[in-house]
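The values are calculated or read from the model by the stated rules, or taken from the named source; none is laboratory data. This structure is a prediction, so every number in the text was calculated from the model and none was measured. For neighbour counting, all protein chains shown are included, and Cβ atoms are generated from backbone atoms with ideal geometry for every residue, glycine included.
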Amino acid sequence: MGTESYQSKNVCVIGAGPSGLVAARELQKEGHDVVVLEQKHDVGGQWLYEPNVEGEDPLGKCTTLKVHSSVYNSLRINLARETMGFTDFPFFVKEGRDARRFPGHRELLLYLQDFCECFGLREMIRFYTRVENVKFFESTDPFSEDLRWVVRSIDYKNEKVVEEVFDAVVVATGHYSHLRLPTIQGKDGWRKKHLHSHIYRVPEPFRNEVVVVVGIANSGQDIAMELVEVAKEVHLSAKSVDICEGLSKVISKHDNLYLHLEIDSLHEDGRVVFVDGSCIAADTIIYCTGYTCSFPFLDIGGIVAVDDGRVGPLYEHTFPPLLAPSLSFVGIPKKVIAFPFFEWQAKWIAQLLSGKKSLPSRADMMRSVEEFYELKDHAGVPKRNTHDIGNFEYCEKYADLVGVPHLEEWRKELCMAAIKKSEVDLETYREYSYDRELLQVPHHYLSPKPL
């Protein structure tokens, strides 16, 4: 009886955050030789907290950010830990650590370090190594099936430039690498303090100040809620005053917290004028306006580009049709239960590279991408929201493509319960017990009750 023969590839993974770590694990499981290149001193990506932000430009006006992590000191995860873990590595409590159901950022970093140690990933990671250039290997046709890659990196601890050839490259650098800032009249001439939330860490520097927080997504809400305890006034600026019940409760609770529409203009004397004509004198503006992807190291003639946050063309948010599967991206989708989804992406990539699975033709993949973009554009979805999934139906479709089980019902219900609870009790939803939803969680996923 014959046996099937699968290929082992030499693969470079760029980044050792959650998506890069699970990519390395799945590639290794599939029998590939893996090298992970990581610019920082440890694993974790965004979750590797960096308290010192002194050397970073407050508005990110540099090609490469010196500070990678955007995590602020008080940040806690916004989904229950049982929901978040990889499918075969539950995120449960360990003795002497943060036992809360919605723990702080350090606990998630420790979880990723545990994952790394459990699967022996550290030995394949080169730390202090920044990727400078990724291009086609000169002796291969960029559109052939035997495409290979030259990766140039800098080992900046030893001040050494390294060039290597790989069969495949997996980009796992996340979507927090380039700051998104609003276009506001007078912003360039603003003489008071202004910064992107990327370098916000603690509220104390803003004591007794009048602070404007632009944006009311997760970071804007969190930062505003802790600033009200030390600032003289906090003014939230949003696209609409139609806000969720939870945020409305927070605003009504604090006499020094105000809600405004978008900023119309900024003035050198510190005046902030909103689109409704109202005006305040502010000391600081914090832009909680998000991020966009950036891949300055990709030297592939624009075959993959970023257009206002839309990375494309990417088949199923993962593969550029003309270069798949030798070039792939993990971790770009948002509004998903991230770790299981990244795990699925990694499994698919690993099995495609080994030859266990195959993709549709390049023409069919490109057609699928074009149809997807057309649907988004017709629905009026901004390009920056192209990779916002936001529904379990797509996750199930993706699981079917990969050939893995769908998300468990308990995981979906616990996720939705946290989202719904945050909409009505923004300040306290992380302390809620979620006992009804947890009844459905298998015993081996459960943590002890929070302390």
Practice prompt. From LYS356, LYS335, LYS347, grab the single residue that is surrounded by fewer than 17 Cβ atoms within 10 Å (Cβ to Cβ), within 27 Å of GLU30 (Cα to Cα) and among the basic types (Lys, Arg).
Written response: LYS356
Fill in: Residues located in the range 250-289, provided they are within 21 Å of ASP222 (Cβ to Cβ), in a loop (DSSP other than H, G, I, E, B) and over 29 Å from the mean Cα position of the chain (by Cα)
HIS254, ASP255, ASN256, ALA282, ASP283
Discussion item. With the condition being more than 30 Å from LEU327 (Cα to Cα), I'd like the strands (runs of 3 or more DSSP E) fully within the range 131-245 carrying at least 1 qualifying residues.
Written reply: 193-196, 210-214, 233-237
Worksheet entry | Hey, ILE332 assigned to a loop (DSSP other than H, G, I, E, B), more than 21 Å from ALA16 (Cα to Cα) and touching a residue at least 12 places away in the same chain (Cβ under 8 Å) or not | no
Worksheet item: Can you tell me which residues in the range 226-253 are of a type outside the set (S, T, N, Q), over 22 Å from SER197 (Cα atoms) and modelled with pLDDT of 95 or more?
Response: GLU245, LYS249, LYS253
Fill in: HIS378 of a type outside the set (A, V, I, L, M, F, W, C) and crowded, with 19+ Cβ neighbours inside 10 Å
no
Worksheet item: Failed condition for ALA346, given (1) more than 30 Å from CYS415 (Cα to Cα); (2) part of a helix (DSSP H, G or I); (3) of a type in the set (A, V, I, L, M), with all others met?
Response: (1)
Worksheet item: Going by the conditions given, is GLN351 of a type in the set (S, T, N, Q), within 19 Å of the chain's Cα centre (by Cα) and modelled with pLDDT of 95 or more?
Response: no
Item to complete: Considering each residue of the range 1-14, count those that are farther than 18 Å from CYS118 by Cβ and outside any loop (DSSP other than H, G, I, E, B), and give that number.
Response: 4
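Let's see how each residue does on (1) within 23 Å of VAL71 (Cβ to Cβ); (2) surrounded by fewer than 16 Cβ atoms within 10 Å (Cβ to Cβ); (3) touching a residue at least 40 places away in the same chain (Cβ under 8 Å):
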{"position": "VAL202", "(1), (2), (3)": "yes, yes, yes"}
{"position": "ARG207", "(1), (2), (3)": "yes, yes, no"}
{"position": "ILE216", "(1), (2), (3)": "yes, no, yes"}
{"position": "VAL228", "(1), (2), (3)": "yes, no, no"}
{"position": "GLU245", "(1), (2), (3)": "no, yes, yes"}
{"position": "SER248", "(1), (2), (3)": "no, yes, no"}
Worksheet item: Are any residues in the range 15-45 in a helix (DSSP H, G or I) and crowded, with 21+ Cβ neighbours inside 10 Å, and if so, which ones?
Response: PRO18, SER19, GLY20, LEU21, VAL22, ALA23, ALA24, ARG25, GLU26, LEU27, GLY45
Item to complete: Output yes when any residue across the range 263-277 is among the β-branched types (Val, Ile, Thr) and either under 30 Å from GLN345 (Cβ atoms) or assigned by TED's automatic domain parsing to the domain that holds PHE372 (or both), and no when none is.
Response: no
Practice prompt. Identify the residue in the range 265-285 that is among the charged types (D, E, K, R) and in contact with a Gly (Cβ under 8 Å, 6 or more places away or on another chain) and, among all such residues, is modelled with the lowest pLDDT.
Written response: GLU268
Practice prompt. Only one of these is over 22 Å from ARG310 (Cα atoms) and assigned by TED's automatic domain parsing to the domain that holds ALA338: SER354, SER433, SER422. Name it.
Written response: SER354
Worksheet item: Quick one: how many residues across the range 400-413 are within 15 Å of PHE86 (Cα to Cα) and part of a helix (DSSP H, G or I)?
Response: 3
Worksheet, complete the sentence: For the range 419-439, pairs from a residue that is in contact (Cβ under 8 Å) with a residue 60 or more places away in the chain and buried (at least 16 other Cβ atoms within 10 Å of the Cβ) to a residue that is of a type in the set (Val, Ile, Thr) and not in a helix (DSSP H, G or I), with Cβ under 9 Å and 6 or more apart or across chains, are ARG430/ILE77
Practice prompt. Just need a number here: residues in the range 137-186 that are in contact (Cβ under 8 Å) with a residue 60 or more places away in the chain, closer than 23 Å to LYS40 by Cα and of a type in the set (Lys, Arg).
Written response: 1
Discussion item. Considering only residues that are over 15 Å from ASN73 (Cα atoms), free of Cβ contacts under 8 Å to residues at least 40 places away in the same chain and assigned to a loop (DSSP other than H, G, I, E, B), which ones fall in the range 97-119?
Written reply: ARG97
Item to complete: Output the residue which, of all residues in the range 368-384 that are in contact (Cβ under 8 Å) with a residue 60 or more places away in the chain and in a helix (DSSP H, G or I), is nearest to TYR398 (Cα to Cα).
Response: TYR373
Worksheet entry | Complete set of residues in the range 353-365 that are touching a Phe, Trp or Tyr at 6+ places or on another chain (Cβ under 8 Å) and among the hydrophobic types (A, V, I, L, M, F, W, C) | LEU359, MET365
Worksheet item: Among the residues of the range 278-299, is any in contact with an Asp or Glu (Cβ under 9 Å, 6 or more places away or on another chain) and on the phi > 0 side of the Ramachandran plot?
Response: no
